[in-house]
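Can you read through this structure? Questions will come right after.
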Amino acid sequence: MNMEKIPVFEPFIDSDTRKHLENALDVGWLGMGAFTKEFEERISDYLRLDGRYVVSTNTGTSALHIALLSANIGPGDEVITPSFNYVADHQAISMTGANVVMCDIQEDNLGIDCKKAEKLITNKTKAIIPLHFAGIPCDQKEVYDLAKKYDLRIIEDAMHAFGTSIEGQKIGSYGDITCFSFDPVKVITSIDGGCVIVNSIEEKEKLQHLRLLGVDKDTTERYKNKRAWDYDVVSQGFRYHLTNIMASVGIAQIKKVDEFITTRQKICQRYNESFKEIPELKIPQSDFNNISPFIYTIRVLNGKREFLIEHLKKLEIDVGIHFIPVHKHSYFKNCKQGNMEITEKVTNEILTIPLHSNMKNELVERVIDGITSFFKH
Ligand SMILES: *Cc1c(COP(=O)(O)O)cnc(C)c1O
């Protein structure tokens with residue numbers, strides 16, 4: 001039997017995306033330019049920003065890096081983030097010279113456990129990076145309360161949550177600093193890309209300098225598809241800008257973001273409905289209304305995860321594991337960390353199953369059959 005393999009991730013690239021890309025190539029200004037500006041404006045409109053500013057970057061990781069630098073985080077400082085997170089965050093902290101402090105998560109939303117985080121705070125702690133795992137919000141208010149109590153900055157890792165709302169307001173439209181990623185597998189992609197959202201023009205300009213080699217006129221001139229020849233260099237800087245070519249893909253994608261999110265929500269709701277009666281599975285604790293779902297993860301109990309993976313492999317259904325906790329990786333194992341009880345448990349149970357924008361119904365059915373059939377015998 002020849003079955004089509006179902007990947008965990010599948011970017012939605014249609015003829016319209018190709019048209020945007022071809023148009024950007026025809027314009028011929030390949031680097032940062034007018035499309036970069038347009039993409040930022042569309043992000044701002046979509047999130048309904050008011051008094052907050054978007055600075056796009058070439059990856060989500062570089063967004064985190066310059067977000068930390070813009071908050072003046074550097075050598076000797078400590079930054080708390082969950083171990084149950086992608087290593088990009090820990091690497092970004094490490095790039096600034098600050099020390100990574102890893103924290104446990106809570107069972108319900110798999111976000112940071114603020115009570116455990118509080119125990120890790122010292123006079124060196126400068127910031128917390130909470131993650132909205134899978135697009136489902138962490139206990140955001142508790143994080144902000146904790147930050148207020150100890151005068152800490154918050155850099156929200158909203159890489160999974162572009163389009164998620166909390167009490168009617170989109171993540172990123174309020175708060176301290178928010179970072180998004182538009183990497184190849186995220187809900188919308190610009191092939192690679194990301195952005196930082198901040199509250200002041202001063203911070204925005206600082207980020208713009210950090211983004212492109214510290215050159216002061218780069219943003220204003222390049223946004224007109226021009227270069228300045230009489231620039232000054234005003235700070236340290238990196239080559240982290242988003243190019244016109246990548247931004248053109250981002251523009252095509254953000255035009256379709258509502259369709260992407262709606263189709264993903266419906267699939268997650270179908271999965272929830274199909275798996276909720278299986279005693280050896282835990283489904284996400286969300287109804288997916290107001291959520292922009294990045295991945296759909298189940299928790300497989302009683303040590304059965306590896307057997308389920310084998311079963312699904314035979315059925316040509318690809319799965320993933322988000323995440324191996326970062327405190328287990330050799331480079332980060334000696335970082336300061338708290339008790340990891342929930343992280344240790346969850347990472348042995350968690351399994352990501354296929355979820356795509358506009359995923360074909362027959363593929364959704366095959367995933368559901370694949371999982372339910374495993375638990376029937
Ligand atoms: C994708 C992702 C990042 C990094 O984004 P890139 O654009 O891939 O650099 C950081 N944190 C989490 C949780 C992510 O999923």
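Every number here is computed from the coordinates shown, using simple stated rules; none is lab data. Note that the coordinates shown come from a computational prediction; the quantities given were computed from them, not determined experimentally. Ideal geometry is used to build each Cβ from the backbone, glycine not excepted, and the neighbour counts take in all protein chains shown.
Among 11-19, 252-260, 225-233, how do they line up from the highest to the lowest mean number of other beta-carbon atoms within 10 Å?
Numbers: 11-19: 13.9, 252-260: 18.7, 225-233: 11.6.
Going from most to least packed, we get 252-260, 11-19, 225-233.
As a test of the formula, what do you get for the chain when each DSSP H run with n ≥ 4 contributes -39,500 (n - 2.57) and the sum is divided by the residue count, at 222 nm and rounded to the nearest 500 deg cm²/dmol?
Roughly -11500 deg cm²/dmol at 222 nm, from the helical runs in the chain.
Is there a pair in K37/K226; K19/K224; K124/K170; K149/K186; K276/K345 whose C-alpha atoms are over 23 Å apart, and which pairs would that be? Before the final figure, lay out each step's value.
Numbers: K37/K226 13 Å; K19/K224 21 Å; K124/K170 31 Å; K149/K186 33 Å; K276/K345 20 Å.
Cα-Cα > 23 Å for K124/K170; K149/K186; rest within.
With each label point set 7 Å from Cα along the Cα-Cβ vector, what nm distance links D151 and E344?
Computed distance between label sites D151 and E344 equals 3.7 nm.
Now for a different question. Which value in nm describes the separation of the simple spin-label points at N2 and V185, placed 7 Å from the Cα toward the beta carbon?
It is 2.8 nm.
Does anything in region 129-163 have its amide N under 19 Å from the 7 Å Cα→Cβ label point of D50, and if so which residues?
Backbone N within reach: 163.
Then there's this: So for the pair K314, R227, with labels modelled 7 Å out along Cα→Cβ, what separation do we get in nm?
Going from the K314 label point to the R227 one covers 6.1 nm.
What does the charge dipole of region 1-78 about its Cα centre add up to, to the nearest 20 debye, if the Cβ of each Lys and Arg holds +1 and the Cβ of each Asp and Glu holds -1?
Details: 7 positive and 13 negative charges, 6 e Å.
Result for region 1-78 is approximately 20 debye, rounded to the nearest 20.
Also, I was wondering about something else. As an exercise, use a Förster radius of 56 Å and the Cβ-Cβ distance of E362 and L25 to find the FRET efficiency, rounded to the nearest 0.05.
That pair, E362 with L25, gives E of 0.95.
Next up: Could you sort 239-248, 115-124, 157-166 so that the peptide with the highest average Cβ count within 10 Å comes first and the rest follow in order? Walk me through the numbers before you get to the answer.
Values: 239-248: 23.0, 115-124: 14.7, 157-166: 24.8.
Per-residue mean Cβ counts within 10 Å order the peptides as 157-166, 239-248, 115-124.
Please sort 275-285, 203-213 by packing, taking for each peptide the average over its residues of neighbouring beta carbons within 10 angstrom, highest first. Walk me through the intermediate numbers first.
Details: 275-285: 15.5, 203-213: 20.6.
The packing order, highest mean first, is 203-213, 275-285.
How long is the gain from N123 to V234 if the chain were fully straight, where each residue apart is worth 0.36 nm and the alpha carbon distance is subtracted? Could the numbers behind the result be given before it?
Values: separation 111, 0.36 × 111 = 39.96 nm, distance 3.05 nm.
Roughly 36.9 nm would be gained on extension.
How much length would be gained if the chain were fully extended between K276 and I201, taking 0.36 nm per residue of separation minus their Cα-Cα distance, in nm to one decimal? It would help to have the intermediate numbers written out before the result.
On the way: separation 75, 0.36 × 75 = 27.00 nm, distance 4.73 nm.
Here the answer is 22.3 nm.
If you don't mind, there's one more thing I want to ask. Please report V8, V79, V101 as a ranked list, fewest other C-beta atoms within 10 angstrom at the top and most at the bottom. The partial results should precede the final answer.
On the way: V8 18, V79 26, V101 23.
Fewest to most other Cβ atoms nearby, the residues stand as V8, V101, V79.
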